[in-house]
1. Against the condition crowded, with 19+ Cβ neighbours inside 10 Å and either farther than 17 Å from Phe2 by Cβ or β-branched (Val, Ile, Thr) (or both), how does Asp71 come out, does it pass?
2. Is at least one residue of segment 91-103 assigned to a strand (DSSP E or B) and touching a strand residue (DSSP E or B) at 6+ places or on another chain (Cβ under 6 Å)?
3. Sort through Gly121, Gly107 and tell me the only one that's on the phi > 0 side of the Ramachandran plot and not basic (Lys, Arg).
4. For segment 5-22, how many residues are in a loop (DSSP other than H, G, I, E, B) and over 16 Å from Gly113 (Cα atoms)?
5. I'd like to know if segment 76-85 contains one or more residues that are surrounded by 14 or more Cβ atoms within 10 Å (Cβ to Cβ) and touching a His at 6+ places or on another chain (Cβ under 7 Å).
6. Among (1) within 13 Å of the chain's Cα centre (by Cα); (2) modelled with pLDDT under 95, which single condition is Ser143 missing?
7. Which pairs have Cβ atoms under 7 Å, sit 6 or more apart or on different chains, and link a residue in segment 145-166 that is over 18 Å from Arg32 (Cα atoms) to one that is among the β-branched types (Val, Ile, Thr) and outside any helix (DSSP H, G or I)?
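The values are calculated or read from the model by the stated rules, or taken from the named source; none is laboratory data. Keep in mind that what you see is a predicted model, and the values were worked out from it rather than measured. Here the Cβ positions follow ideal geometry from the backbone for every residue, glycine too, while neighbour counts run over all protein chains shown. We work out accessible area using only protein heavy atoms, side chains counted, and drop any ligands, DNA or RNA first. Shrake-Rupley method; radii C 1.70, N 1.55, O 1.52, S 1.80 Å.
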Amino acid sequence: EFPGNVYKGEGIVSGSPEKVWECLKPVPNGLRVKWDSNVKRFELLEQIMEDISICRTVTPSAAMGIIAPRDFVDVILVKQYEDGSISSNATNVSHPRCPPQPGYVRGFNHACGCICIPVSGEPSKTQVLTFFQTDLGGLLPRSVVDSFFPSSMAEFYSHLTKAVKSLKDH
């Protein structure tokens, strides 16, 4: 269904799963838009159930303007597990209240997600796994997309670590 790549990121972040999740959770006016340079705005379109929502994520232009601003409309499932893990799982969906917007290229997230996993015996550490299968849409050559994602994911972990650290200091 998707001819692109699946990107997996994995890292240990200093902070409890709850603090890490506070920085990651996909909610309007949440911390994610403050620290994640790839998330400019996050809008709730519809709350289906307590743990299922439909949201629009807006990204800024990237790669020195080569990649125009994008928007993504996804159905998101947030799940908490007995072991303390928390996951956010998403995939693209159409929504009548959010047709393609002028000034944005509509991108499509294929099955993707983020999982915060407690590190056994280390309550102040969290393993963070991320999976992305993103079709950025538009007419970008595959080589541009392929060169953008790895550095973007490394930056994601670096900025997440700083955001969690700043929570601990307050």
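1. yes
2. Yes, there is a match, as at least one residue in segment 91-103 is assigned to a strand (DSSP E or B) and touching a strand residue (DSSP E or B) at 6+ places or on another chain (Cβ under 6 Å).
3. After applying the criteria, what remains is Gly121.
4. Adding up the residues that qualify gives 2.
5. No, segment 76-85 contains no residue that is surrounded by 14 or more Cβ atoms within 10 Å (Cβ to Cβ) and touching a His at 6+ places or on another chain (Cβ under 7 Å).
6. (1) is the only condition that Ser143 fails.
7. Taking only residues 6 or more apart or on different chains, the pairs are Phe148/Ile67.
Residues checked against (1) in a strand (DSSP E or B); (2) open to solvent by 50 Å² or more (accessible area, probe 1.4 Å); (3) more than 23 Å from Val58 (Cβ to Cβ):
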position	(1), (2), (3)
Pro118	yes, no, yes
Gln133	yes, no, no
Leu139	no, yes, no
Tyr157	no, no, no
